[in-house]
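Quick notes on the structure that follows.
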Amino acid sequence: MSMFDIDFSKLILWLLPHFLRRRRLFSFISALCFPVAKLFDEFILFRFETIYKLDHTGQVFSLENVLNDRFDTISRRIFITDAYTKQRKYIYARVEVKPKFLGFIYLHNRADYADTGVDFIVWIPDAVYISEEDMYEVRALLNYYKLAGKRYKIYRS
């Protein structure tokens, strides 16, 4: 039993004196207390949402739990890895004048290198259906829970 378990019909019955406990008066007072009961229900929902937000932090396991709770409750396939730390490899520097210019060859995505600033990668499998509108929610959840200054990239695999 919690301090938030309130049954308004019992409360009305307890607070009414015994000689006034008639069906008509009880119904009238119940109708007067109905807006308070609705506000109380909204408060309970707000309380549970706030406790959920306070229970989760910017740690990797917590971010994974938030995303899996929202988008993949059964299989929990969304996971987070550290960003890539690949070093750039050059065939030759631009200042060296070579007879052959090979053009730009991209072996990896720009975000895959260590100096691009991506701190972690969120992997969402293709089997998890996430629409374009849900991707905005994924970004909003990540921005809400991640630490300030951390940057991320979302990959669909």
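The values are calculated or read from the model by the stated rules, or taken from the named source; none is laboratory data. Only a predicted model underlies this, so the values are computations on that prediction, with no experimental measurement involved. In this analysis, Cβ positions are derived from the backbone assuming ideal geometry, glycine residues included, and neighbour counts consider all displayed protein chains. Please note that ligands, DNA and RNA were not included when accessible areas were found on the heavy atoms of the full protein model with its side chains. Shrake-Rupley method; radii C 1.70, N 1.55, O 1.52, S 1.80 Å.
Out of all the residues in the range 52-65, is one or more within 27 Å of Y144 (Cα to Cα), without any contact (Cβ under 8 Å) to a residue 24 or more places away in the chain and not in a helix (DSSP H, G or I)?
yes
Which ones in the range 58-84 are over 13 Å from Y129 (Cα atoms), surrounded by 14 or more Cβ atoms within 10 Å (Cβ to Cβ) and aromatic (F, W, Y)?
Passing the criteria: F79, Y84.
Kindly indicate the residue of the range 1-32 that is open to solvent by less than 60 Å² (accessible area, probe 1.4 Å) and within 26 Å of I51 (Cβ to Cβ) and also modelled with the highest pLDDT among those meeting that condition.
F8
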